[in-house]
Amino acid sequence: MLTGQGIALWILGTIFILNLVFVVLIIFFDRKKPVNTLAWILTFTFLPVVGFILYLFFGNRLHLRRVYPTQKSTVNKILEQILIAQKQQIDNDEISFHDSEMEKHVDMIYMNLEYDDAIFTQDNEIEIYTHGQEKYISIFQDIENAQSSINLLYFIFRGDNLSKKLLQLLTKKAQEGVEVRLLYDEVGSLLTPKSIFKDLLAAGGQVKKSMRSILGFSFRANYRNHRKIVVIDGQIGYVGGMNIGEEYAGLHPVRSNWRDTHLRIVGSSVYSLQWIFLHDWQATAEGKDKIGIDEKKMFPLLQSSENGKIGMQIISSGPDSSLEQIKMNYIKMINKAKKNIYIETPYFVPDDAFLESLKIAAMSGVQIHIIIPGIYDKYYVYRATTSYIKELLPFGVKFYLYHGFMHAKMMIMDDEIVSIGSANIDMRSFALCFEVNSFIYDSVFTQKCIDIFMDDMRNSQFVTKEWYEARPWHTKFMESILRLLSPLF
């Protein structure tokens with residue numbers, strides 16, 4: 001019979017052997033980037049039991065092709081025809097631009113046509129919102145005026161008063177016969193009670209969770225639908241960084257100075273937002289909800305707009321693709337820059353490719369300015385974020401700490417291209433989350449975004465080398481540890 005000491009040794013030996021087996025399996029069978037694999041090996045080594053539990057939730061591979069199957073429809077065929085025609089126009093040098101300055105960026109447009117099926121449209125009218133109150137007033141008004149369909153996709157849908165007010169309006173529209181679909185991420189909205197949707201469901205609205213749990217327990221937590229999309233009547237689209245919650249309206253008790261950016265779009269690019277939403281919806285729907293959509297209702301003829309002359313592409317990315325399309329576009333912008341790169345992001349945890357692009361651009365004389373939050377929402381991500389300042393300061397990259405929480409996701413190249421959407425500058429957004437960004441090719445609109453950036457910069461603390469090096473030792477220690485684990489965030 002084993003003694004107490006013998007049992008303890010047997011348990012420890014079993015844990016060691018199982019841990020070794022899991023490490024071997026990760027090395028040979030988990031097709032991740034080497035830095036991610038190394039991070040998991042370290043986690044298993046120093047946290048044997050806890051590491052296994054974390055891997056179940058955050059490291060297991062998902063059969064995404066089963067979750068996001070390829071779909072065939074009339075819209076697919078029309079999209080394919082447009083893509084082929086636009087690529088032929090570029091190949092034959094026949095494409096024309098409302099803004100002649102954009103001719104030099106035809107290579108980037110072609111890349112997105114070829115590898116993301118992102119059609120290029122030049123009939124868009126865009127309004128930009130930098131505060132939640134502005135966005136919510138606009139979206140409530142557009143929903144109130146909806147005639148046929150309202151489709152909403154959010155990473156976070158709170159159960160607070162703002163969310164309830166929106167649900168009351170959606171319920172009213174559903175009672176009027178408008179088709180209402182609401183899709184929200186299960187992990188992002190983990191604390192949202194299902195009961196708040198009962199009136200909307202009773203009125204005929206449809207509510208679904210994106211990336212649903214298995215057996216009531218979420219083993220897909222690592223793969224999140226981080227997109228924020230609203231499409232109303234197939235005519236009006238919203239995309240950006242704001243979810244549905246009172247904090248985005250500046251009502252958070254600590255992070256009340258909340259800065260975010262969101263867009264309202266009228267034009268053909270709304271079709272792209274609608275298609276991405278319906279793709280996500282069909283991947284989640286079951287049974288009778290999986291029937292074919294009314295394409296004429298979802299993709300109506302757009303009303304002409306005299307002011308709509310802005311060129312743009314809607315780019316989606318996610319773990320169902322190995323290309324990391326949004327990251328590739330970010331890097332493309334950095335590589336094309338001649339004068340300036342302006343970045344706003346709540347989390348700055350880039351991979352090596354992104355870092356090297358910034359360094360090369362800075363060494364080539366491009367002025368790079370990056371605004372990150374001065375008040376954080378997640379300590380572990382924030383300390384990983386600030387650790388990257390040390391690596392880029394020697395190259396002349398300038399960092400600013402916003403006097404509040406900076407949640408906007410915006411990148412500007414020179415005075416010509418701007419990207420605004422849901423993707424952060426971090427490895428999670430690049431590879432593990434479903435994201436959507438607008439890439440806008442228009443000098444006038446880009447200048448408007450530069451003006452917004454400059455206002456934010458004036459409301460921020462410039463990070464000097466002296467200030468950065470004077471941080472407490474324990475802060476530097478935590479940065480080193482969390483930087484090492486950042487691929488797991």
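The values are calculated or read from the model by the stated rules, or taken from the named source; none is laboratory data. Just so it is clear, the structure is predicted and the values come from calculations on it, not from any experiment. Glycine also receives a Cβ, built like all others from the backbone with ideal geometry; neighbour counts cover every protein chain displayed. Only protein heavy atoms, including side chains, enter the accessible area calculation; ligands, DNA and RNA are left aside. Shrake-Rupley method; radii C 1.70, N 1.55, O 1.52, S 1.80 Å.
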Counting every Cα pair in the stretch 420-489, what percent are over 21 Å apart?
57
Mind checking the full-extension length gain between R458 and K104? Use 0.36 nm per residue of separation minus the Cα-Cα distance, one decimal, nm.
124.3 nm
By a straight-distance test (C-alpha under 22 Å), which lysines pair with K465 as possible cross-link partners, with residues fewer than eight away in the same chain excluded?
K359, K390, K398, K476
What is the spin-label model distance, in nm, from K77 to N92 if the labels are put 7 Å beyond Cα along the C-beta direction?
2.3
Highest-first arrangement of 437-443, 172-178, 90-96, where packing means the average Cβ count within 10 Å
437-443, 172-178, 90-96
Rounded to the nearest 0.05, what FRET efficiency do N145 and F395 have when you use their Cβ-Cβ distance and R0 = 45 Å?
0.35
Length gained if E295 through Q447 is fully extended, taking 0.36 nm per residue and subtracting the Cα-Cα distance, is 51.1 nm
Can you give the extra length, in nm with one decimal, that the chain gains between S256 and F477 once fully stretched, where that is 0.36 nm per residue apart less the Cα-Cα distance?
76.6 nm
Cα principal axis extents for the stretch 328-394, largest first, Å
34, 20, 19
Going through the cross-link list K209/K327; K135/K228; K135/K296; K165/K297, which pairs have a Cα-Cα distance over 20 Å in this structure?
K209/K327; K135/K296; K165/K297
With every protein chain present, what is the per residue accessible area of the stretch 136-205 (1.4 Å probe, Å²)?
44
Per principal axis, descending, Cα span of the stretch 80-158 in whole Å
48, 27, 26
Loop only by DSSP, 15 or fewer other Cβ within 10 Å of the Cβ. Give me the trypsin sites (Lys or Arg not before Pro) in the stretch 318-403 that pass, ordered by residue number.
K338, K339, K378
Over all viewing directions the Cα convex hull of the stretch 367-489 casts an average projected area in nm² of 7.9
